[in-house]
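See below for the structure under consideration.
The values are calculated or read from the model by the stated rules, or taken from the named source; none is laboratory data. If you're wondering where the values come from, they're calculated on a predicted model, not measured in any experiment. Cβ coordinates were reconstructed from backbone atoms using ideal geometry, including for glycine residues, and neighbour counts include every protein chain displayed. These area figures cover heavy atoms from the full protein model, side chains too; ligands, DNA and RNA do not enter into them. Shrake-Rupley method; radii C 1.70, N 1.55, O 1.52, S 1.80 Å.
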Amino acid sequence: MTASFTPALGHAALSGLYDPAIALLTRERLWRARLLDEVAPSPGETIIDLGCGTGSLALAMARRAPEARIIGLDPDADILARAAAKADREGGTVRFVQGFARDAATLLGEGLANKVVSSLVFHQLPMAEKRAGLAASRRALRLGGTLHVADYGRQTGVMRLLFRLVQLLDGYENTQPNADGVLPTLMAEAGFGQVREIDLIPTATGSISLYRAVRR
């Protein structure tokens, strides 16, 4: 944990292991494919990947819709360098910007985006930052734009036990509200409408929920 953000896998020294760890422990191929289908990037759209990490989702969206404008936002300079290198290897056109979730509208523009997407980010944020990130996402969206989140949501039964691995890495205080199911409530409190869980995927580290909400 740094003074300002939780690095990928909870510790900066583990950032190089992020991609293989996520692939191994979270059924990434499944939930990322379902999230990509739900986001359905289209030519001409502007899509912000909030907490883009190593850029896997941002690049997948760019491959799906090469004429869309994809912007990856993340506070971790090391992770962004890895994302940019990955984009260079693929010849991707994703724009990467350093900043926190709470800065989305300030850095990128009010009402800029058709869609905001976030994966495995909000469980790492303190409650104040969860709220600030959702509020900034709403401001960054156009009226009628959509928010798409794939993250650890309410954990029940054995999933709650498996989620303890995530809590060991990312800390209990920030992750427990997600495990208690707080995200839909926070989305509604931020002013989003039509908040719903559209999928629930069990993994070796707890269940990952896919949420959708509309900027009204």
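Among DSSP beta bridges lying fully in the chain, give the percent that are antiparallel, nearest 5.
Working: 16 of 36 bridges.
Rounded to the nearest five, the antiparallel share is 45 percent.
Over the range 9-99, what portion of Cα pair distances is larger than 19 Å, expressed as a whole percent?
Every Cα pair in the range 9-99 considered, those over 19 Å come to 38 percent.
Kirkwood hydrodynamic radius, the range 133-197, all distinct C-alpha pairs: what's the number in Å?
After inverting the pairwise mean of 1/r, the radius is 13.0 Å.
Full extension from ARG164 to ASP180: what is 0.36 nm times the residue separation minus their Cα-Cα distance, to one decimal in nm?
Full-extension gain reported as 4.5 nm.
What longest region of the chain stays clear of GluC sites (Glu not before Pro) that DSSP places outside H, G, I, E and B and that have at most 15 other Cβ atoms within 10 Å?
111-216
To one decimal place, what Kirkwood hydrodynamic radius in Å is obtained for the chain from all pairs of distinct Cα atoms?
Across the chain, the inverse of the average 1/r is 16.9 Å.
Using 0.36 nm times the number of residues separating ARG216 and ASP199, minus their current alpha carbon distance, what extension gain do you get?
3.9 nm
What figure, in Å² to the nearest 10, do you get for the accessible area of ASP180 with a 1.4 Å probe and non-protein molecules left out?
Estimated to the nearest 10 Å², ASP180 gives 70 Å².
How long are the semi-axes of the equivalent ellipsoid of the range 60-102, taking √(5λ) for every eigenvalue λ of the Cα gyration tensor, in whole Å from largest down? Please list the in-between numbers first.
Working: eigenvalues 69, 34, 7 Å².
Over the Cα atoms of the range 60-102, the semi-axes work out to 19, 13, 6 Å.
Please report the spacing between the Cα centers of the range 98-176 and the range 69-96 in Å, no decimals.
Measuring centre to centre over Cα atoms gives 19 Å.
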